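The values are calculated or read from the model by the stated rules, or taken from the named source; none is laboratory data. These numbers come from a predicted model, not from an experiment. Ideal geometry is used to build each Cβ from the backbone, glycine not excepted, and the neighbour counts take in all protein chains shown. For the accessible areas, the whole protein counts, side chains as well, though only heavy atoms, and no ligand, DNA or RNA atoms are used. Shrake-Rupley method; radii C 1.70, N 1.55, O 1.52, S 1.80 Å.
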Amino acid sequence: MTAVVERRETVPSPYLEGPFAPIDTEITAECDVVGELPADLSGVYIRNGSNPKYPPPGRYHWFDGDGMVHALHFENGRAVYRNRYIATEALAAEMDAGEAMWSGVNERPNFSHPGGPFKDTANTDLVFHRGRLLALWWLGGPCYEIDVPSLETVGRFDFGGTLASLTAHPKLDVKTDELMVFDYNVVPPYLTYGVVGPDATLVHQTEVDLPGPRLLHDLAITEHHTILMDFPLMWDPELLAQGRTKVSFRSDLPARFGVIGRHDAGDRVRWFEAEPCYMYHTINAWEAGNEIVLVGCRIDNPLRDGDRDRIPHIDVLRLEPFLHEWRFNLVTGTVRERPLDDVMTEFPRMDNRLLGRPSRYAYSPRIAAAPELLFDGFLKYDTNTGESETHAYGEGRFGGETVFAPRVGASVADDDGYVLTFVTDAETGDSEVVVVDARRVTGEPVCRVRIPQRVPIGYHSWWIDESELI
Ligand SMILES: [Fe+2]
């Protein structure tokens, strides 16, 4: 593949500096621990993120960087850290060339690029399904299998030849071992929904009608249904026809939530209209009588301008999300919605064992008042009431998405375990994993695991119990 990107100097970006700056080392190291590792914490905490290997040509967007996974393996009283690039085919081509071969989403895409207009980095999300860790990309494409605990990239994984492209945020039902997946595109079909069965092949796939192309990010599941989303955020269709990608938000259009039976055809989706909004991440959904309850982090308008010192932005995208609940009545077709809190929070996680079933607690990073997306602590939410307790990381220290790790031998209670996240000191660059007792989040961490290099701020994560490792 020849380099088909114009050589340009990198335009400075705050997402290439400080706690976001990429690193170029890959290490394996046993870590020092401050405090005592809990004996009932056994498994692997893994986090994905954006880490450009080569200087990005032109304007960089935080979502552009190559995927890099960081993991901490808690085993037999030791904590071993590893980090590795995700060895995508695009990264291999760039390493052959010795330079970047794609520009990012802030530049005019080259639709005649032989490797596609955008570089599939697999940098966004992680899911562990049937003993296989998969790394996924926000824009949709092939996913990559990552070996655990070595973090070496096994290669593209296409579900036995049945599914070549999917986006980040498939949802795992641990009771059935099904994985609900989706994909979106700028040309029809704009949305495709599917179910991967326990044998890791696609067992159901259907197209879902949307009024036009959308920039989607997540879905939600209940025991019997999947909730698809149609938010009015898109690349401006007229400019897209001219080969340009400019994000547009139609605040005159409703937010639509499509409820579909898990294995139903796309023409059976039932749409519920709610106040216009955008949402990157749901927390959970479940069935409650005639209603389906959905909780997530709602953004009123992702392109509204102003307050750039206090409200974080990723270029034009404004991150001002708040915990919110929607209730969709399957009998009357009505929607009830309500804000649950007024603290800015995103990248929420909960106990994976309860995904799609009634849950109580979520662990959701608290957004710092800063121009960039930084999290200065996390909230333990009771998502039924919006009540919360806060764990703060301390001055100048910033974390990311948390994972919930059930205690070995834990009950099904969704706070019987530990909350973990990488935390980095923006001044010194020192990084650690804090291990917080989920039932005592306002207190000091149970322990802090010192990471022997800086871990850049990243995206999504997963917890794999030692018992799940083959
Ligand atoms: Fe995400």
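Reducing region 215-279 and region 364-404 to their Cα centroids gives an inter-centroid distance of 27 Å.
Give the residues of region 34-71 whose amide nitrogen is closer than 20 Å to a point set 7 Å from the Cα of residue 7 in the direction of its Cβ. The answer is 53-60.
Charge tally for residue 328 (other residues, Cβ to Cβ under 14 Å; Lys, Arg +1; Asp, Glu -1): -2. Accessible area per residue for region 1-152, computed on protein heavy atoms with a 1.4 Å probe, is 39 Å². 3J(HN,Hα) along region 280-286, derived from phi through the Karplus expression 6.51 cos²θ - 1.76 cosθ + 1.60 where θ = phi - 60°, amounts to 6, 10, 7, 9, 6, 9, 7 Hz, with x in place of Gly and Pro.
FRET efficiency for the residue 307 to residue 223 pair, using the beta carbon distance and R₀ = 41 Å, is estimated at 0.50. The overall shape of region 107-171, judged from the alpha-carbon gyration tensor, is prolate: a/c is not under 1.5, and a/b is greater than b/c.
Net charge dipole, region 240-372: roughly 340 debye, given to the nearest 20, about the Cα centre with Cβ charges of +1 for Lys and Arg and -1 for Asp and Glu.
Under the simplified labelling scheme, the residue 76-residue 467 pair shows an inter-label distance of 2.0 nm, with each label point 7 Å from Cα along Cα→Cβ.
Spin-label pair residue 150-residue 329: with each label point 7 Å from Cα along the Cα-Cβ axis, the two points sit 5.7 nm from one another. The calculated pair-distance distribution of region 43-125 uses every alpha carbon pair, bins of 10 angstrom beginning at 0, and gives 18, 44, 23, 11, 4, 0 percent. Between rounded, prolate and oblate, where does region 318-470 land on the alpha carbon gyration tensor, with a ≥ b ≥ c its root eigenvalues, rounded for a/c under 1.5, else prolate if a/b exceeds b/c? Here region 318-470 falls in the oblate category.
Taken over the alpha carbons of region 140-291 as equal point scatterers, the Debye sum produces base-10 log I(q)/I(0) values at 0.12, 0.15 Å⁻¹ of -0.55, -0.84.
Across all Cα atoms of region 1-147, the radius of gyration (one decimal) and Dmax (whole number) stand at 17.1, 55 Å. In the frame of its principal axes, the chain has Cα extents of 58, 54, 48 Å, reported largest first. Peptides 97-108, 358-369 ordered by packing proxy, namely the average of other Cβ atoms within 10 Å per residue, highest first: 358-369, 97-108. Here the accessible area of the chain is 46 percent carbon and sulfur, with a 1.4 angstrom probe and all protein chains present. Over region 19-60, with a single point scatterer placed on each C-alpha, what log10 of the ratio I(q)/I(0) does the Debye formula yield at q = 0.14, 0.15 1/Å? Log10 of I(q)/I(0), two decimals: -0.59, -0.65.
With all pairs of different C-alpha atoms in the average, the Kirkwood value for the hydrodynamic radius of region 242-351 is 15.6 Å. For region 311-470, the dipole from Cβ point charges (+1 on Lys and Arg, -1 on Asp and Glu) about the Cα centre works out to 380 debye, to the nearest 20.
Projected onto their three principal axes, the Cα atoms of region 130-218 cover extents of 43, 26, 22 Å, largest first. With Cα atoms as the point set, region 64-179 shows a radius of gyration and Dmax of 15.5, 52 Å. For region 169-209, the fraction of C-alpha pairs farther apart than 15 angstrom is 40 percent. Mean residue ellipticity, 222 nm, helices only, the chain: the sum of -39500 (n - 2.57) across DSSP H runs of n ≥ 4, divided by residue count and rounded to 500, is -500 deg cm²/dmol.
As a rough guide to protection, the peptides 392-401, 240-249, 435-444 ranked by mean Cβ packing within 10 Å, highest first, stand as 392-401, 435-444, 240-249. The mean accessible area for residues of region 268-354, using a 1.4 Å probe and ignoring ligands and nucleic acids, is 40 Å² per residue. Just to confirm my numbers, what's the Cα centroid distance between region 421-455 and region 50-96 in Å? Spelled out, the Cα-based centre of one part sits 20 Å from the other.
For region 1-88, the Kirkwood hydrodynamic radius from C-alpha pairs, put into Stokes-Einstein at 25 °C and a viscosity of 0.890 mPa s, yields a diffusion coefficient of 160 µm² per second. For region 298-390, the Stokes-Einstein estimate of translational diffusion at 4 °C and a viscosity of 1.567 mPa s comes to 90 µm²/s, using the Kirkwood hydrodynamic radius over alpha-carbon pairs. Convert 20 °C to kelvin, take the viscosity as 1.002 mPa s, use the Kirkwood radius over C-alpha pairs of region 219-291 as Rh, and evaluate the Stokes-Einstein diffusion coefficient in µm²/s, rounded to a whole number. In µm²/s, the coefficient rounds to 154. Each 10 Å bin from 0 upward holds the following percent of the Cα-Cα pairs of region 380-470: 16, 45, 32, 8, 0.
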